[in-house]
Every structure is written in C-alpha cells, then in structure tokens.
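Q: Structure incoming, see below.
The values are calculated or read from the model by the stated rules, or taken from the named source; none is laboratory data. Predicted model, so just to flag it, every value in this text is computed and none were measured. Virtual Cβ from ideal backbone geometry, glycine too; neighbours counted across all protein chains shown. Just the protein is used for accessible areas: all its heavy atoms, side chains included, with ligands, DNA and RNA removed. Shrake-Rupley method; radii C 1.70, N 1.55, O 1.52, S 1.80 Å.
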Amino acid sequence: MTTRADQPAVSIRGLRRRYGTGADAFEAVRGIDLDVAPGTIHALLGVNGAGKTSTLEVVEGLAPASAGEVRVLGLDPVTDRPAVRRRTGVLLQRSGFVGDLTVRETLRMWAATVTSPRPVEESLALLDLTDRADVRMRGLSGGEHRRVDIACALMGRPEVVMLDEPTTGLDPESRRAVWALVRDLRQQGATVLLTTHYLDEVEALADRVSIMRAGEIVREGTVAQIVADHPSQISFRTPDHALPLPDGDRDQDGELTVLRVADLQPALTELLVTARDRGVVLERLSARTASLESVFLDVAAERDRVADHPHPAHPHPEHDAVLEDAR
Amino acid sequence: MTTTTAPAARPRHAGLRRTLSLGRSNWTLMVRNRTTMLYAFALPLFPLVLLFTAERSGGDVNAGVAAIGTTLVMALTFPGYYNLLSMFVTRRDELVLKRLRTGEVRDRELLVSMALPGAAIVLAVAVICVPVALAGGLELPLNPLLLLLGVLLSIVTFAAFALWTAAWTRNAEAAQLTSGPIILLAFLGFMLPAFPEDLHRWIELLPGAAVNELLRVAWFAQDSGGASLSFLQTWGAATQPVLVLVAWTALAVLLARRSLRWEPRA
C-alpha cells in the first residue's frame, strides 16, 4: 500500500480544465484546491454547470487537466492508471450497459475485468438485485439500472469511490438505501468523493463539503462550519413608514426587506422592540438561522449577480450558459 | 468465495483474461441476435453458389478465386468491418464504452474484445469455404498456413478500417453512409477487368484486390499472370499483397488514433 495515514486519499492542486480553443474556449474548472482525508465522505455541491463533473472526470483519469495536479492515493490517475484503477471505483453521472445482457451477465462481465472482484451473488445482494438477476438490462427501471451501475463501481472493493450524482433519478427509498451503502463504505475505511445538487444528501452523508460555483470552490468545510460562517436572515414586508433597522446587511427582495445579521437573537429583539414602540406591524415576518440551504441559495444568488453585472474577476459573463452546454 | 485470479497475477495475463471474457460476452450478444447471425453467415456464403453453376464448374481457378474471394471479402466487410463499426458507434452513443473505460480494462483490450466475434465468423466462413470448394471441384489450399495468415491479417486490416470509420461517424445511423468508402475500397479490387490496363497496378493496391491476390497465391499457387508457383514461391509472391494490407492497416490505425472518440459528441 502506498497510502499513508496522513496522506490525503485525493489531492487536487490548482486544477484547471478548459474546453475548446480560441474564441470558443472557456474554463469549466478555474483553479481549485481540494484534499479528501482517508476514510471520509467529501461532497462537491453545486448547481448544474458549476464544474463538479468536469473536476471529477480528471480525478477519475478520464480527462486530462489543462493545468494543475491531481493525486489519487498518491498516484497520478493518468500515468499510474492501472494501479489507480485497481483501487478505485467510479460511478458516472450517466452511463450505459448493453441492453441484451441480463443483470447477472452484466455483473459477471464486469467482474471479469476486475482484479479481485466480489462474487457476483454478493454484488446482487448488496444492491438488492437478486430478484432481478435474470432480467435483461433494457427491462430495468431507471433506479434498478442505477443500482447495477453502483454494483459495478463497488465490484473491486475500492479504497476510493467517486460517485457523480449517485442518487439523481432514484425514488426516496432507493436514495436512503444508497446513503446507507455509502456510510457502510466509510465504515469499512473507504474514502468517498461525491457530487450532488441535493442539500439533504450533503447533510445526511458528507463529513466535509465544497460548494462549487462557476468552476471555483466558494465555500468549504463541514456543514456546521459553513453554516456558522453564514449570517442569519430576517425578512418582512417593507413597512410604509421607514423603520430604523438593526446593524446588518440590508436588501430588498420584491416587497420584502431582507436583513442579514451575524447574531439573530439580539437583532430580532431590537427589531421587534422598535416596531412595537413605533406601532408598526411587520407583515410576513420571518426569521431563520443559517442553514445549508440558505448558504447554497446565497451562493447561487451571487452567481446571478455575477451574470447580471460582469465583474472584472469574471471576464466571461456568458459562461453560465456555456457551462450548461458543456455538460 | 474465491476470486478468479490472484491480485499478484501478471498484468499481461490479466489483460488477456479481460479481453477474452469481454469477447465472450460480445459473442453471447451476437448469437442472441438471430438476424445478425443469419446475415453474418448467409451473406458471405452466398457467392459460393457460383462454384456450382454449370458453365464454370470443373476446377477453373479464375472462377474459384472469384467465388471464394467474394466470400472472404463479404465476410471481412460485413460481419468483420461493419459489425465492429456499428458495435463501436452504438456503444459509444449509449455510454457503454465510457462506463467500461472507468474500470481496469485498457482501451486496446476493449477494442480487441469487440473485434473478436466478427473475427471468429470470418475464420469460420473461411473454414467452411474449404469443403464447399472441394465439393465444387476445386483442389485443397496448396499453402494453408499462408492462407490462414492472410485471412488473419485481413481481419486486422478491416478491424482497423472500422475504427478509422468510427472516428468520423457521428452515430449508428450515420454508419450506414460512412461505411460506403470502405465497402467501395473492398469491392473495387474485383472490378479489375473493367478498368483500363494502365490502372491495374493502382487497383492492385486496394485492400480487396490484395485479399484476392493472397487467395490466388495461397490456395491455388498461381500468380496474377496465371503462372504456377511452387510452395516456396508462394511465400515470395505473397509479399506484395501482404505489404499492401499492412500499409492500409498502419494508415487506418494512425488516422483512428488521431481522432477516435470514446464518448458521444457533446
């Protein structure tokens, strides 16, 4: 084993990924750094087109980096491909199987390509596919198809597992089953790097999360850390008479006044006392502490602002549309 | 439970094991599709009927070369070339290839495993040719080893053509059109007599003509002028067609390597 306990299972430095050349060129990944500690689950969270899949494809060794360096278990996924592939499992965002093979034949074929595979029957049981073993792939539902896909990813008992949107398109029950499976993988010592745009998935699974936007990592940490750094939010219908407001970021969202404050309780008390003293009714009043959802929405809103008002740091205001196309 | 191979297995063996088991799955799929199977055998074997037409029967070498040559080129073109092309393009479209490439399989193992079923059918057709030709009054191949090597080389050439075509074929439907040039290259060699004399030496450089020439030399021990060759002379006479096939293969592989994609175009 070349892995040391103190060495990250996945390490990314200054990764850039460019598509196209000349005037059509654009950068889907714009210089990201990332370390995934062994035995942890790390989520890349972002809207479609944020650069999650483009990043993962380099880690998987399917695409070369335009710049920067990627190490998986201390190895280069392209030049050390055979060694890396023996110890990793990959689930693509979308992938296909030959429709005329049965589930068992598909797993048997996959097992034949793996150095030390799980027995096929064990794989079938692991993903609850035993009853469907003799059904041809084209007869499976989307969720069953995804489960076969996951069974292949886990066939070689990988040390590092890369899952690109593992539960997209699954029903709620299957999603929970996949979550349990991913937690089991961590329990057995595997490292998991996954992408998702589901907040509940991140909250349920991730030890650490990196929020991506437009090819960059804009927040990173545990869910608790990310949420703690984020202001709480108070909103109410803007009253007819101006009201002195507590300190904080103030914003207008349609007819609502939105306040962002670091400490919710004193700010809210101050607001309510002022309103009572002046006899102002705060309609549609709502107050909430930060959540992963509010952080995520704010990050998305920052993106919209970037798109509306080109900023020197983002020379291509149209890149969001282009990124969608690139996926 | 045991695993099929110990982790310490030498990489070369592991590669062979992966190639053969993927090839076996591809064979299963081919057999499962009855129509493909029927076409794969019926189409190439049909020209052998020519051996039994009254006028030409009786061991005429030219008739033999025409019938068996057409059979071999048909087999190389349809179950060989076209089958690999359409399998590659369809699986690329369906993201099957992309999925497999995330695993331990190497690209060249994947390619060989997809070419194997077609290769097996071409070999089977070539073997079937022998008793049928015998029944049609022809003699047994005079240099069977050279014939076998020639058939194997042509299989590789036409597989390389399939990859080259796949490199610029957008999807499975497009393959019906993009396969045209290669099918033409394969069959133009037969129309030698239809071209003026001074074009002949160029036509001889086409892959279909090279297959025909190898057949004439290896099976009937005759050179293109019709002169008889000894067993030893057949090896020398095979040099030109072999070089022609090797050159076409190298060209196709070179072009394929430059632009072969493994995922559908975005």
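Q: For region A:88-98: of the residues being more than 8 Å from every other protein chain (Cβ to nearest Cβ) and open to solvent by 10 Å² or more (accessible area, probe 1.4 Å), which is nearest to A:LEU170 (Cα to Cα)?
A: The selected residue is A:GLN93.
Q: On to the next question. Given the criteria open to solvent by less than 30 Å² (accessible area, probe 1.4 Å) and free of Cβ contacts under 8 Å to residues at least 60 places away in the same chain, does A:GLU69 qualify? Full working, then the answer.
A: On the way: open to solvent by less than 30 Å² (accessible area, probe 1.4 Å): no; free of Cβ contacts under 8 Å to residues at least 60 places away in the same chain: yes.
Answer is no for this residue.
Q: On to the next question. Might you check whether a residue that is open to solvent by 60 Å² or more (accessible area, probe 1.4 Å), farther than 30 Å from A:THR53 by Cα and more than 13 Å from chain A (Cβ to nearest Cβ) occurs anywhere in region B:159-171?
A: Within region B:159-171, none of the residues are open to solvent by 60 Å² or more (accessible area, probe 1.4 Å), farther than 30 Å from A:THR53 by Cα and more than 13 Å from chain A (Cβ to nearest Cβ).
Q: Out of the residues in region A:287-299 that are touching a residue at least 60 places away in the same chain (Cβ under 8 Å) and part of a helix (DSSP H, G or I), state the one that is most open to solvent (accessible area, probe 1.4 Å).
A: For region A:287-299, the residue satisfying everything is A:GLU293.
Q: Looking at A:ARG208, A:ARG237, A:ARG284 in this structure, which one is closer than 24 Å to A:ALA153 by Cα, open to solvent by 60 Å² or more (accessible area, probe 1.4 Å) and basic (Lys, Arg)?
A: Numbers: A:ARG237 fails: closer than 24 Å to A:ALA153 by Cα; A:ARG284 fails: closer than 24 Å to A:ALA153 by Cα.
Going through A:ARG208, A:ARG237, A:ARG284 in turn, just one is closer than 24 Å to A:ALA153 by Cα, open to solvent by 60 Å² or more (accessible area, probe 1.4 Å) and basic (Lys, Arg): A:ARG208.
Q: What pairs can you find where one residue is in region B:20-32 and at the interface with another protein chain (Cβ under 10 Å from one of its Cβ atoms) and part of a helix (DSSP H, G or I), the other is open to solvent by less than 70 Å² (accessible area, probe 1.4 Å) and of a type in the set (D, E, K, R), and their Cβ atoms are less than 9 Å apart, with a gap of 6+ or different chains?
A: Cβ pairs passing all conditions: B:LEU22/B:GLU109; B:SER25/A:GLU105; B:THR28/A:ASP100; B:THR28/A:GLU105; B:LEU29/A:ASP100; B:ARG32/A:ASP100.
Q: Pick from B:PRO11, B:PRO47: which is under 21 Å from the mean Cα position of the chain (by Cα) and either surrounded by fewer than 14 Cβ atoms within 10 Å (Cβ to Cβ) or modelled with pLDDT under 95 (or both)? Before the answer, list the steps.
A: Details: B:PRO11 fails: under 21 Å from the mean Cα position of the chain (by Cα).
Residue meeting the stated conditions: B:PRO47.
Q: Please verify whether B:LEU85 is more than 19 Å from B:GLY150 (Cβ to Cβ), in contact with a helix residue (DSSP H, G or I) (Cβ under 8 Å, 6 or more places away or on another chain) and away from every other protein chain (no Cβ under 13 Å), treating the condition exactly as stated. Break it down stepwise before answering.
A: Numbers: more than 19 Å from B:GLY150 (Cβ to Cβ): yes; in contact with a helix residue (DSSP H, G or I) (Cβ under 8 Å, 6 or more places away or on another chain): yes; away from every other protein chain (no Cβ under 13 Å): yes.
Yes, satisfied.
Q: A follow-up question, please. Which condition number in (1) open to solvent by 40 Å² or more (accessible area, probe 1.4 Å); (2) in contact (Cβ under 8 Å) with a residue 60 or more places away in the chain is the one that B:PRO193 fails?
A: So the condition that B:PRO193 fails would be (2).
Q: Please give the number of the condition B:VAL65 fails out of (1) β-branched (Val, Ile, Thr); (2) closer than 30 Å to B:LEU177 by Cβ; (3) surrounded by 19 or more Cβ atoms within 10 Å (Cβ to Cβ).
A: The failed condition is (2).
Q: Follow-up. Restricting to region B:121-141, name every residue that is assigned to a helix (DSSP H, G or I) and crowded, with 17+ Cβ neighbours inside 10 Å.
A: Taking region B:121-141 as the starting set, the residues that turn out to be assigned to a helix (DSSP H, G or I) are B:121-135.
Across region B:121-141, the qualifying residues are B:ILE121, B:VAL122, B:VAL125, B:ALA126, B:CYS129, B:VAL132, B:ALA133.
Q: Can you work out which of the residues in region A:100-115 that are more than 8 Å from every other protein chain (Cβ to nearest Cβ) and more than 26 Å from B:HIS13 (Cα to Cα) is most open to solvent (accessible area, probe 1.4 Å)?
A: Step by step, filter region A:100-115, then rank; the result is A:THR102.
Q: Right, something else. Across region A:116-137, what is the number of residues that are assigned to a loop (DSSP other than H, G, I, E, B) and open to solvent by less than 70 Å² (accessible area, probe 1.4 Å)? Even if it seems obvious, please write down each step before you answer.
A: Here is the first cut: in region A:116-137, the ones assigned to a loop (DSSP other than H, G, I, E, B) are A:116-119, A:127-129, A:133-135.
Of the ones still in play, those that are also open to solvent by less than 70 Å² (accessible area, probe 1.4 Å) are A:116-119, A:127, A:129, A:133, A:135.
Count: 8.
Q: Let me ask something else. Here are the criteria: (1) more than 25 Å from B:VAL31 (Cα to Cα); (2) open to solvent by less than 30 Å² (accessible area, probe 1.4 Å); (3) more than 10 Å from chain B (Cβ to nearest Cβ). Tell me which single one A:ASP80 does not satisfy.
A: If we test A:ASP80 against (1) more than 25 Å from B:VAL31 (Cα to Cα); (2) open to solvent by less than 30 Å² (accessible area, probe 1.4 Å); (3) more than 10 Å from chain B (Cβ to nearest Cβ), just (2) comes out false.
Q: I'm trying to understand the selection: among the residues of region A:145-170, which are open to solvent by less than 50 Å² (accessible area, probe 1.4 Å) and without any contact (Cβ under 8 Å) to a residue 40 or more places away in the chain?
A: Within region A:145-170, A:ARG146, A:ARG147, A:THR167, A:LEU170 meet the criteria.
Q: Is it the case that A:GLY49 is farther than 15 Å from B:GLU104 by Cα, open to solvent by 40 Å² or more (accessible area, probe 1.4 Å) and in contact (Cβ under 8 Å) with a residue 12 or more places away in the chain?
A: Numbers: farther than 15 Å from B:GLU104 by Cα: yes; open to solvent by 40 Å² or more (accessible area, probe 1.4 Å): no; in contact (Cβ under 8 Å) with a residue 12 or more places away in the chain: yes.
In short, no.
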